[in-house]
Each structure stands twice: as structure tokens, then as C-alpha cells.
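**Student:** Before anything else, here's the structure in question.
The values are calculated or read from the model by the stated rules, or taken from the named source; none is laboratory data. No experiment lies behind these values; they were computed from the predicted model shown. Cβ: placed from backbone, ideal geometry, glycine included. Neighbour counts: every protein chain shown. Surface areas here come from the heavy atoms of the whole protein model, side chains and all, with no ligands, DNA or RNA. Shrake-Rupley method; radii C 1.70, N 1.55, O 1.52, S 1.80 Å.
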Amino acid sequence: MLASLHKDHLNISRLLALLKHKLAVIRNEQPVSYFLLRDVVDYLREVSDKYHHPKEEMIYDYYLKYRVVEGEVANRLQEEHARLLEAGAELKEMVEMILMDAVIPLDQFTARLEQFVALQEAHINYEEGVIFPHLRDSLTEDDWRHLEQIWHNRAIGDPLFGAEISQHFQALAKRLSLPLSF
């Protein structure tokens with residue numbers, strides 16, 4: 001399960017690199033596709049917020065229930081997920097406004113985009129550097145089998161990096177040079 005989450009982090013990092021590139025392009029006052037930006041934010045919200053983070057939280061809740069964990073550390077993961085959800089919603093709203101020809105100050109948009117990317121990267125680094133090693137060291141093979149069984153019923157296919165790319169993410173897949181499925 002951790003390997004699957006790590007792979008998700010690598011995929012998310014690819015999208016964050018794309019956002020950082022688009023941020024630089026915007027700062028150089030060059031045109032960008034806000035539709036593409038919207039697709040990246042949609043993917044991160046759809047997959048991260050509805051699948052990836054709930055999977056992490058299920059594992060972490062199990063870990064907290066059966067292992068001794070001190071105060072602040074116990075709540076940080078869910079707090080970060082909530083912050084990411086809020087930041088994603090704010091960025092999505094701003095991109096949608098731009099797509100509807102609303103005038104958004106460039107510095108305000110770039111600050112929001114930069115904050116979103118920084119939050120995502122810091123969160124991934126925290127999980128990879130702190131949370132995952134704790135889980136790896138503390139949970140047994142039986143624990144992982146039990147967690148796999150619990151999660152099995154919730155599993156969904158990744159609409160961008162999975163076996164079939166959804167219609168919604170075809171343009172983004174093409175931009176990332178992913179093989180398109182028809």
C-alpha cells in the first residue's frame with residue numbers, strides 16, 4: 001500500500017512540476033492554458049482528495065488506533081489534508097473565474113498558485129520523510145493485509161495515470177505525454 005501511495009506522490013509531483021512551469025510562464029507574462037491549469041487542479045482534487053488522502057487516513061487511523069503516538073503528530077496529517085482541500089478549492093474557484101473572463105490581478109493568482117504548490121510539496125515531503133517511515137517500521141504484514149482488505153472495496157482506477165484515461169483528462173495526459181486510451 002505504501003508503494004501505491006509513493007507512486008501517487010510521484011505522479012502528483014509531475015503535476016506540481018507542470019504547475020511550477022506554468023507559474024514561471026505566467027510571471028513572464030506569457031500566455032498559458034487556464035483550461036490545462038483547471039484540469040490539473042481538478043485531478044488533484046478528484047484523486048487526491050477523494051481517493052489518495054482517504055487511503056492515507058485509513059492507514060494512519062489504524063496506526064493511531066493500534067500504536068502509541070504523541071499529541072500533535074497524531075492530528076497533523078488530517079489537518080494538512082484539510083488545508084490542501086481548502087487551498088485546492090480556492091485555486092479552482094480562481095481558475096474558473098479567469099476562464100469566465102473575470103479580471104483577477106496577476107500577482108494575486110500567482111501567489112495563490114505558488115502557495116498551493118508549496119503546500120502540496122511540503123505535505124508530500126512530510127509524508128515521505130516522517131509518516132511513511134513510521135508506518136513501515138510499525139505495521140506488521142498482518143496489519144498491511146488487513147488494511148488491504150478494508151481498502152479493496154473502495155479502490156477506484158486513477159483517471160489520469162491509470163489503465164484508462166478519462167475523457168476529462170485527455171488533454172492533460174497529452175501534455176504529460178501519457179499514452180492515450182480510446
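**Student:** With all protein chains present, how much of the accessible area of the chain (probe radius 1.4 Å) comes from carbon and sulfur, to the nearest whole percent?
**Tutor:** That fraction is 52 percent.
**Student:** So, counting K/R as plus one and D/E as minus one, what does the shell of residues with Cβ under 13 Å around His146 add up to?
**Tutor:** Surrounding charge for His146 is -3.
**Student:** For the chain, set up a Gaussian network in which alpha carbons nearer than 10 Å are linked by springs, and say which option among Val103, Val95, Val25 fluctuates the most.
**Tutor:** Result for the chain, Cα springs under 10 Å: Val103 fluctuates most.
**Student:** Kindly provide the helix-only [θ] at 222 nm of the chain, computed as the sum of -39,500 (n - 2.57) over DSSP H runs of four or more divided by all residues, to the nearest 500 deg cm²/dmol?
**Tutor:** Taken over the chain, the calculation gives -22500 deg cm²/dmol.
**Student:** So, with +1 on the Cβ of K and R and -1 on the Cβ of D and E, and no other charges, what is the size of the charge dipole of the chain about its Cα centre, to the nearest 20 debye?
**Tutor:** The dipole magnitude comes to about 500 debye.
**Student:** So, in Å, what gap is there between the alpha-carbon centers of segment 8-49 and segment 93-141?
**Tutor:** Cα centroid of segment 8-49 versus Cα centroid of segment 93-141: 10 Å apart.
**Student:** Still on this structure: Compute the signed sum of charges (Lys and Arg +1, Asp and Glu -1) over the other residues within less than 10 Å, Cβ to Cβ, of Leu119.
**Tutor:** -3
**Student:** Moving on. Per residue, how much accessible surface does the chain expose to a 1.4 Å probe? Answer in Å², no decimals.
**Tutor:** Ligands and nucleic acids excluded, the result is 55 Å² per residue.
**Student:** Continuing with the same structure: Could you order Tyr43, Tyr66, Tyr51 by accessible surface area, starting with the largest, using a probe radius of 1.4 Å?
**Tutor:** Tyr66, Tyr51, Tyr43
**Student:** If you don't mind, there's one more thing I want to ask. Summing Lys, Arg as +1 and Asp, Glu as -1, what charge do residues with Cβ under 10 Å from the Cβ of Arg38 carry, Arg38 excluded?
**Tutor:** Once all neighbours under 10 Å are counted, the net charge is -2.
**Student:** Using a 10 angstrom cutoff on alpha carbons, build the Gaussian network for the chain and name the most mobile of Glu29, Glu114, Glu80.
**Tutor:** Comparing Glu29, Glu114, Glu80 in the GNM, the peak value goes to Glu29.
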